[in-house]
Amino acid sequence: MPNRGWWALLRPYVMIAPAMAGIGLFVIYPIFYLIKLSFYKYNLMNKAKSKYIGFDNYQKIFTRDDFYQALGNTAVYTVGVVAGTMLLSLLVALWLKRKTRWNRIVQAGIFTPHIVSIVSIALLWMWLMEPNQGLLNFLLKLFGLPPSAWLQSSKTALLSVILVSVWQSIGYYTLIIVAALQSIPPTIYEAAALDNASRAKVFFRITLPLLSPQLFFILVIMTIGSFKVFDTVQVMTGGGPNGATSTIVYYIYQFRTTNIGYSAATGVVLMAIIGLLTFLYFRLLARKVHYQ
């Protein structure tokens, strides 16, 4: 009996030990090592010259214009992707909420971009946005509209990257909202119909509040993911033209060998920004989430 008692106490910790070991090794340890590196002038090409410099990297970050440019680009990208994806996903989900064979086919079709490699998607859109032979400019000319430089102009490059990211994300988040819509008890809508409630009232007083847990989840996840965008920028624009699409993670990537301590400090700043935004989301919006 004593042995069984000890095993009953230890068993939960033994069961979670492998997962916790993985989290400690691949999450917690890298975070602390990142923070440590941020206080050093560390060069991968010449480790002998690495030295402790305190908060100099952090002071340098907030005095460089290119950091603020990357931060501004990231903020614009995040707002554009999150707002565009949530709005379009909600509209498409309302269209596909009925359980029909045709809707299932459409759902499978719009989900496909999410499982395709972002490199393939980026290359496809680079071809579509090619200024001279691209399909998008061909369509613009067909309708009598002036062609766009798309990725070659600093005025439209970031918007083009946002367009690609929204297009890739819609299918996944649409399915989340569709599942939430289909889980709403039909008796609620029947009661609203008996009260002669208008469609607008039904949507804003019933549908949106009942979708708020899923929408809040999408908001938090997409914000975190958008602040960490890298692959789309790397493949499509390389941060150009003139830094118009340089995001914080791409900015960190640029210093990966010459000054990894500065990159680490920028990574810590990014981690702090994401943590602060997540805290504000939960502080300001969590109370407005209605759970059934």
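Okay, residues lined up against (1) under 17 Å from Ile162 (Cβ atoms); (2) of a type in the set (Ser, Thr, Tyr); (3) open to solvent by 20 Å² or more (accessible area, probe 1.4 Å):
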site	(1), (2), (3)
Leu211	no, no, no
Phe216	no, no, yes
Gly225	yes, no, yes
Asp231	yes, no, yes
Gly239	yes, no, no
Asn242	no, no, yes
Near pairs, Cβ below 7 angstrom, 6+ apart or cross-chain, from the range 202-215 (over 12 Å from Ile188 (Cβ atoms)) to any residue that is open to solvent by 30 Å² or more (accessible area, probe 1.4 Å):
Ser212/Lys288; Ser212/His290; Pro213/Tyr291; Gln214/Ile176; Leu215/Met86
Within the range 133-188, considering residues that are open to solvent by 80 Å² or more (accessible area, probe 1.4 Å) and out of contact with any helix residue (DSSP H, G or I) (no Cβ under 9 Å at 6 or more places or on another chain), the one nearest to Gln107 (Cα to Cα):
Pro186
Residue check, Ile121 open to solvent by less than 50 Å² (accessible area, probe 1.4 Å), closer than 29 Å to Val289 by Cα and of a type in the set (A, V, I, L, M, F, W, C):
no
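Listed here are the residues, each with its yes/no results for (1) among the charged types (D, E, K, R); (2) within 17 Å of Ala265 (Cα to Cα); (3) modelled with pLDDT of 95 or more.
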residue	(1), (2), (3)
Arg4	yes, no, no
Lys41	yes, yes, no
Lys49	yes, no, no
Val79	no, no, yes
For the range 62-107, which residues satisfy the criterion of being in a helix (DSSP H, G or I), open to solvent by less than 90 Å² (accessible area, probe 1.4 Å) and farther than 28 Å from Leu208 by Cβ?
Asp66, Phe67, Gln69, Ala70, Leu71, Gly72, Asn73, Thr74
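The values are calculated or read from the model by the stated rules, or taken from the named source; none is laboratory data. From a predicted model like this one, the values you see are computed outputs, not experimental measurements. Cβ atoms come from the backbone with ideal geometry, glycine included; neighbour counts cover every protein chain shown. Heavy atoms of the whole protein, side chains included, go into the accessibility calculation; ligands, DNA and RNA do not. Shrake-Rupley method; radii C 1.70, N 1.55, O 1.52, S 1.80 Å.
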